[in-house]
Amino acid sequence: MIKRNYAYIAAILVSIIYGVTFTVAKDVMPQFVKPFGFILLRVVGATLLFWIFSFMGPKEKIEFQDFPRIFFAAFFGVALNMLTFFKGLSYTSPIMGAVLMCTTPMIVLVFSALLLKERLANKKIIGLVLGLIGTAVLILYGKSIHNAPQASLGNLLVFVNAISYGFYLIIVKKLMSKYNAFTFVKWIYTFGLLLVIPFGWNEFEAISWQLIPLGIYYKIGFIVVFSTFLTYLLNLVSMRELKPTTVAVFIYLQPLFASVFAIGLGKDEISAVKLTAALLIFTGVYLVTQNKDRQAKA
């Protein structure tokens with residue numbers, strides 16, 4: 001029970017950090033660092049941290065047949081996940097990005113049905129439809145005055161990010177039950193680094209380091225250390241005790257934290273379209289997860 005409580009705390013901390021990340025990253029991109037260059041910077045820093053701290057963990061050897069799973073976890077959990085998220089966030093607003101991430105639990109449910117052969121109840125199917133309608137509304141009509149030049153494209157990319165992250169949660173669960181987190185996460189990021197280098201190298205080289213203010217350096221450090229290194233560890237801690245669908249549910253907290261932080265700093269605003277889309281998405285998410293929660297209690 002104590003371990004499970006720690007898992008819940010870890011999941012909540014991830015939501016808080018990610019909620020802040022939406023606004024912090026927008027201050028860095030694309031004015032000082034282009035999205036793909038920022039991703040390369042983020043993955044390089046996190047990879048170094050994971051390898052350094054892995055020497056403090058247990059000495060385990062990964063079986064050869066598990067490396068393909070690690071590679072696909074790197075593709076969906078690091079490369080595609082980050083490339084679409086940061087590129088999308090550079091186009092859209094923090095609140096819209098956070099709301100779209102709430103589609104992840106529904107995506108996890110779909111993958112569970114397809115890959116794990118779980119049956120979908122009618123209520124869950126209705127929830128999926130409502131969530132997809134809300135997502136479509138936000139992608140097509142969600143606009144923002146503040147720093148969102150191509151909101152529709154940005155929303156679509158963040159949605160692709162949510163799909164990628166949902167698939168990652170399914171893939172990595174088997175690794176969690178077999179190895180210590182430090183044993184395989186360093187390899188996930190190593191493969192992820194190799195995958196993002198071709199996309200981010202030119203933008204990384206184009207960074208004008210001498211023109212970046214000290215405050216932006218602090219925000220870059222926050223993204224590398226807290227939003228990447230720490231959140232991946234906390235996610236793995238929570239996934240050791242919780243199901244992928246349960247971990248995904250905590251993503252619902254991200255729009256709350258993202259909205260409070262973004263509106264408090266004047267970086268975003270609430271609109272009727274955003275509220276309508278959010279209501280559809282949250283209703284869909286509620287219907288999708290309600291049945292599973294009751295079964296768990298039973």
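The values are calculated or read from the model by the stated rules, or taken from the named source; none is laboratory data. As the structure is a prediction and not an experimental result, all values here were calculated from the model. When we count neighbours, we look across all protein chains shown, and the Cβ atoms used for this are built from the backbone with ideal geometry, even at glycine. What goes into the accessible areas is simple: the full protein's heavy atoms, side chains included, and nothing from ligands, DNA or RNA. Shrake-Rupley method; radii C 1.70, N 1.55, O 1.52, S 1.80 Å.
The table that follows gives values for the structure above.
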quantity	calculated
Residue satisfying condition, being surrounded by 22 or more Cβ atoms within 10 Å (Cβ to Cβ) and modelled with pLDDT of 80 or more, within set 204, 222, 159, 191	159
Helices (runs of 4 or more DSSP H) (entirely within region 1-75) containing at least 3 residues that are open to solvent by 20 Å² or more (accessible area, probe 1.4 Å) and closer than 19 Å to residue 195 by Cα	35-54, 67-74
Filter result (in a loop (DSSP other than H, G, I, E, B) and either of a type outside the set (Ser, Thr, Tyr) or in contact with a helix residue (DSSP H, G or I) (Cβ under 6 Å, 6 or more places away or on another chain) (or both)) within region 192-214	206, 207, 212, 213
Which listed residue is in contact with a Pro (Cβ under 7 Å, 6 or more places away or on another chain), at pLDDT 70 or above and open to solvent by 20 Å² or more (accessible area, probe 1.4 Å), from 173, 178	173
